[in-house]
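Below: the structure, in structure tokens.
Just so it is clear, none of the values below were taken in a lab; they were calculated from the coordinates. It should be emphasised that the depicted structure is a prediction, and the values quoted were computed from it without experimental measurement. We place every Cβ from the backbone using ideal geometry, glycine too, and count neighbours over all the protein chains shown.
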Amino acid sequence: MEEKDVKEAPVEQTEKTSKKKKENPLQKKIEELDDKLSREHDSYVRLYAEFETYRRRTAEEKLALVSSAAADTIKGLLPVLDDCERALKILENSSDDAAREGTSLIYTKLMEYLKSRGLSPIEAMGQKFDTDFHEAVTQFPAPSEDLKGMVIDVVQTGYLLNGKILRYAKVVVGA
């Protein structure tokens, strides 16, 4: 019996080594496939992130394009608004009530529409001169000390569009 035990022991070892040899190539193949899957997943995630960035950037560019087009359109309407303001000043002393009412109505409707689109006038008269909002056309000797560095007269009204300067207010500053 001892001979049988001795003979069986090498057979068992060869079976184990052949199993290891079989498992080893399979294990190696599993690891390769797992590594390949990991790389593919990483590539997918990166591509998805790039696409999301592209989509967000193009959406922002579209919004900026629409916004700039609206700003250009409103900027083109500002001379009409200025003409209405001048006409109202002239018609204040006129005896023609119909012309005054008509001009006032047109100005009010235009201004309300532009305000609904984000336009707001820059309040300049009597304010301290601020280069962020005002453009000094000229300086004029101030009638009193408290008017030095203040806006004495507004030559052209300035406007903000959604908080950004659309046109600076052209003013006369007390010196």
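Overview of values
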| quantity | calculated |
| --- | --- |
| Those residues of segment 81-98 which are assigned to a helix (DSSP H, G or I) and farther than 18 Å from Leu160 by Cβ, in sequence order | Asp83, Cys84, Arg86, Ala87, Leu88, Lys89, Ile90, Leu91, Asp97, Ala98 |
| Scope segment 120-148; condition over 32 Å from the mean Cα position of the chain (by Cα) and either loosely packed, with under 12 Cβ neighbours inside 10 Å or polar (S, T, N, Q) (or both); matching residues | Gly126, Thr138, Gln139, Pro141, Pro143, Ser144, Glu145, Asp146 |
| Any hit, segment 130-144, residues being outside any strand (DSSP E or B) and of a type in the set (A, V, I, L, M, F, W, C) | yes |
